[in-house]
Amino acid sequence: MSLLSDQQWELFYEAVQRFLSAETLERFAQESLGGFAALVPARQYMLFTFKGYASDRIEYDQAYTYGTAVHYMDRFLNGGYTEEDRIFSRMSLKIGDCAYRDSDIIDEDTLVNLRMYKEIYAKDGVHYGMRINMAADNKLVGSYSIFRPREDGDFSELELEICKRLSPLLSLRFNQIRKSQLAHAEDEGARLS
């Protein structure tokens with residue numbers, strides 16, 4: 001990542017410090033999404049956490065957003081698109097800490113003809129997507145989605161590299177917080193019973 005300017009390196013380390021210092025999932029979401037906004041300009045930033053997933057469908061737990069309003073979230077989280085647009089489900093099921101652009105997986109003609117594109121992307125004025133996945137025990141536990149309008153162009157190789165470098169660090173802290181919160185909930189449950 002030697003192509004980063006001094007200012008970009010500074011923003012990178014500030015973003016890492018912000019989310020590493022978070023103690024709760026809500027704070028982690030706020031700090032990591034804000035860090036992405038400083039490093040990778042876009043219109044919408046989202047963090048999804050997962051309860052689990054089957055071979056073709058994710059079971060969402062929570063969604064956190066940053067940037068412009070996201071109008072479709074309830075319908076999306078309730079499974080309104082998983083059957084018709086399996087290509088997005090397959091993209092989201094890439095296992096391991098990783099980052100990738102939608103355009104690395106799906107061609108433009110296919111993308112713009114998907115129902116999900118017409119009903120979600122087009123309505124929210126976005127076109128290009130970037131995904132950053134977090135895993136634990138070879139299972140996907142959370143994923144970021146970053147969206148940009150067509151006129152802003154696709155995400156660059158440098159932006160992809162930044163997200164790839166952040167992915168394992170985000171995953172490490174996310175899983176630490178998740179484990180801590182689960183242990184606290186179990187302790188609280190035992191105390192009340």
In this structure, the FRET efficiency calculated for Leu3 and Arg191 from their beta-carbon separation, with R0 = 41 Å, to the nearest 0.05, is 0.20
Here the FRET efficiency for Ala122 versus Gln17, based on Cβ atoms and R0 = 30 Å and rounded to 0.05, is 0.20
Measure of exposure for Thr65: accessible area at 1.4 Å probe, Å² rounded to 10, is 80 Å²
As straight-line cross-link partners of Lys51, the qualifying lysines (C-alpha separation under 26 Å, not fewer than 8 residues apart within one chain) are Lys94, Lys139, Lys164, Lys179
Taking a label point 7 Å from the Cα of Ala63 along Cα-to-Cβ, the residues of segment 11-35 whose backbone nitrogen sits under 11 Å from it are none
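The values are calculated or read from the model by the stated rules, or taken from the named source; none is laboratory data. Quick caveat, the model's predicted, so the values are computed rather than measured. When we count neighbours, we look across all protein chains shown, and the Cβ atoms used for this are built from the backbone with ideal geometry, even at glycine. Accessible surface areas use protein heavy atoms only, side chains included; no ligands, DNA or RNA. Shrake-Rupley method; radii C 1.70, N 1.55, O 1.52, S 1.80 Å.
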